[in-house]
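Notes for the one structure printed next.
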Amino acid sequence: MHNKRTEYLNRLGIEALNEMQKKTISAIEANKNVVLLSPTGSGKTLGFLLPLVDKLQRNSEQTQLLILAPARELALQIEQVVKSLGTGLKTLCCYGGHMIQTERNSLKHPPEIIVGTPGRIADHLRRGHISAEHIKYLVLDEFDKALELGFHNEMQDIAIHLRRLKHRTLTSATSMNEIPAFVGLKEYETLCFLKKKQIQENLTLKAVRAEGKDKLDAFYKLACMLGNEPMVVFVNHREAADRISGHLNKMGLAHDVFHGGLKQEDRERALIKFRNGSHHLLLTTDLAARGLDIPDIKYVIHYHFPKQREAFVHRNGRTARMKASGVAYLVFGGEEPTPEYIKDDFEFESLTGDFPLPKQPDWQTIYLDKGKKDKVNKIDIVGLFLKKGKLKKDELGLIDVLDHSAFVAVQSNKVNQLIKQLSNERIKGKKIRILLSK
């Protein structure tokens, strides 16, 4: 078993597990139900997956492990980790935003592991697409966030179907005062790795104040002042993100938007372009405050203040992670008071003077209409772009290959020439469509 685990970690390029992962693995191996309280980005997924995959029967055509996650992106990330382990266990990710029929067809040959969002999993169970007969293990990942997003009823509906559960793991990035009865946790071990001091010591708080109620002009100046550094800007509503985005488009400031009202493909593309440096500013709701695979960023900007301190802490957790330092900016309207939960000291910065538009990012993203399901991989794309596209290695950036598409970061000054050169090319005998990603 442990030899296998070493193989899994080698495939992920991980040399050693952290303390939280070791304790989680021990508790699950001892068949204890677990409530794991640990910050976002601390590696909880690996902590529960490593012991659970060892308990499953391979090639069984029986679903034995169900993992619920509050957001599509988090569910897809968990699925990716499972696949990267190379366990041989069949895994399927189920989520809203695309056709249910596609998932239904895959469920005709039940996978050993299903990962999904509460709404879509509840729907499949209601329609009889998923058999709960052999589901022995349940993971409720980022359970506090799932409750916050209003998935209580869906999770309760799911729990009613799971009559043969032997084990439950619940993870949360905040302390849980009360666990709803439907979870069925009677005896369990709580593993708490939350820090008592909630604002990171290496996080600096700063503030700017708008002249009137509307913060748009002050925010634009702040974004220009901070320049081409990775920053995530939090608002409280999707409509605000769209409104601010419209203004930034008029001003010519490269950015993208990420919120629950967007199609899945648009959300995926926004994160890909942020990760690969095609833009440095991501406008988002609290959907991006945790659980998402985005790199450490230099600045968090609170365009709107959240209602509760916990949300404020999660937003700030996107920067100053591990040993890195970061800055969180508070954008105040003219007479707007400081929220009561902000006890930490901060200074106001002046926005007088000229702040020129930052230069356009060094990278742009190219879209290909072929992906994993077309047997296209990163090596194929690298070969095509370097040989036929005549790029040098340092002119090619991050490559993300999805099921039916791929996104490739390329140095901005090479993009037009590259698209022309590759317009009639093929990968593995298949003609590809290649264009600048919107």
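The values are calculated or read from the model by the stated rules, or taken from the named source; none is laboratory data. These numbers come from a predicted model, not from an experiment. Every residue, glycine as well, gets a Cβ built from its backbone with ideal geometry; the counts of neighbours run over all protein chains shown.
One residue is enough: does the range 10-32 have a residue meeting the conditions among the small types (G, A, S) and touching an Asp or Glu at 6+ places or on another chain (Cβ under 6 Å)?
Step one: list which residues in the range 10-32 are among the small types (G, A, S), which gives 13, 16, 26-27, 30.
Still in the running and touching an Asp or Glu at 6+ places or on another chain (Cβ under 6 Å): 27.
Yes, some residue in the range 10-32 is among the small types (G, A, S) and touching an Asp or Glu at 6+ places or on another chain (Cβ under 6 Å).
Would the range 104-113 turn up any residue that is of a type in the set (A, V, I, L, M, F, W, C) and in contact with a Gly (Cβ under 7 Å, 6 or more places away or on another chain)? Before the answer, list the steps.
The first filter runs over the range 104-113 and keeps only residues of a type in the set (A, V, I, L, M, F, W, C), leaving 107, 113.
Within this subset, residues satisfying the condition of being in contact with a Gly (Cβ under 7 Å, 6 or more places away or on another chain) are none.
No; the residues of the range 104-113 include none that is of a type in the set (A, V, I, L, M, F, W, C) and in contact with a Gly (Cβ under 7 Å, 6 or more places away or on another chain).
Return the residues of the range 22-44 that are surrounded by 20 or more Cβ atoms within 10 Å (Cβ to Cβ) and at pLDDT 95 or above; say none if nothing qualifies.
Across the range 22-44, the qualifying residues are T24, I25, A27, I28, N33, V34, V35, L36.
Counting only residues that are among the hydrophobic types (A, V, I, L, M, F, W, C) and either surrounded by fewer than 18 Cβ atoms within 10 Å (Cβ to Cβ) or touching a Ser or Thr at 6+ places or on another chain (Cβ under 6 Å) (or both), how many does the range 150-161 have?
Quick first cut of the range 150-161, residues among the hydrophobic types (A, V, I, L, M, F, W, C) only: 151, 155, 158-160.
When the remaining residues are screened for being either surrounded by fewer than 18 Cβ atoms within 10 Å (Cβ to Cβ) or touching a Ser or Thr at 6+ places or on another chain (Cβ under 6 Å) (or both), the result is 160.
The qualifying residues number 1.
Is the range 57-73 home to any residue that is modelled with pLDDT under 95, outside any loop (DSSP other than H, G, I, E, B) and assigned by TED's automatic domain parsing to the domain that holds N33?
The answer is yes; a qualifying residue exists.
If you check every pair at least six apart or on different chains, which have Cβ atoms under 6 Å apart with a residue in the range 396-424 that is of a type in the set (V, I, T) and at pLDDT below 95 first and a residue that is in a loop (DSSP other than H, G, I, E, B) and surrounded by 16 or more Cβ atoms within 10 Å (Cβ to Cβ) second?
V401/G371
What helices (runs of 4 or more DSSP H) lie completely within the range 136-249 and have 1 or more residues being in the same structural domain as T284 (by TED's automatic domain parsing) and touching a strand residue (DSSP E or B) at 6+ places or on another chain (Cβ under 8 Å)? Don't jump to the end; show me each part of the working.
Numbers: elements: 143-148, 152-161, 216-226.
In the range 136-249, the matching helices (runs of 4 or more DSSP H) lie at 216-226.
Going by what's in this entry, would Q411 be described as surrounded by 15 or more Cβ atoms within 10 Å (Cβ to Cβ) and of a type outside the set (F, W, Y)? Reasoning before the result, please.
Working: surrounded by 15 or more Cβ atoms within 10 Å (Cβ to Cβ): yes; of a type outside the set (F, W, Y): yes.
Yes; evaluated as a whole, the condition is true for this residue.
Would you mind finding the one in I342, I297 that is within 27 Å of D217 (Cβ to Cβ), modelled with pLDDT under 85 and β-branched (V, I, T)? Break it down into steps so the answer makes sense when it comes.
Details: I342 fails: modelled with pLDDT under 85.
Result: I297 is the single residue among I342, I297 that is within 27 Å of D217 (Cβ to Cβ), modelled with pLDDT under 85 and β-branched (V, I, T).
Give A240, A210 a once-over and let me know the one that is within 22 Å of the chain's Cα centre (by Cα) and at pLDDT 90 or above.
A240
Being of a type in the set (K, R) and not in a loop (DSSP other than H, G, I, E, B) is the filter here, so list the residues in the range 19-56 that pass it.
Of everything in the range 19-56, those that are of a type in the set (K, R) and not in a loop (DSSP other than H, G, I, E, B) turn out to be K22, K23, K44.
Would you please name the residue that is modelled with the highest pLDDT, looking only at residues in the range 322-337 that are touching a Lys or Arg at 6+ places or on another chain (Cβ under 8 Å) and within 10 Å of K298 (Cβ to Cβ)?
Only one residue tops the list, namely V327.
Out of the residues in the range 96-126 meeting the condition of being without any contact (Cβ under 8 Å) to a residue 12 or more places away in the chain and assigned to a helix (DSSP H, G or I), tell me which one is nearest to the chain's Cα centre (by Cα).
Within the range 96-126, the subset without any contact (Cβ under 8 Å) to a residue 12 or more places away in the chain is 99, 101-102, 105, 108.
Among the residues that remain, those that are also assigned to a helix (DSSP H, G or I) are: 101-102, 105.
Working: Q101: 25, T102: 23, N105: 26 Å.
Ranking the candidates gives T102 first.
Among the residues of the range 347-386, count how many are surrounded by fewer than 12 Cβ atoms within 10 Å (Cβ to Cβ) and over 27 Å from the mean Cα position of the chain (by Cα).
The qualifying residues number 8.
With R267, R290, R315 as the choices, which residue is under 29 Å from E395 (Cα atoms), buried (at least 20 other Cβ atoms within 10 Å of the Cβ), within 14 Å of the chain's Cα centre (by Cα) and at pLDDT below 90?
Details: R290 fails: under 29 Å from E395 (Cα atoms); R315 fails: under 29 Å from E395 (Cα atoms).
Sole residue among the options that is under 29 Å from E395 (Cα atoms), buried (at least 20 other Cβ atoms within 10 Å of the Cβ), within 14 Å of the chain's Cα centre (by Cα) and at pLDDT below 90: R267.
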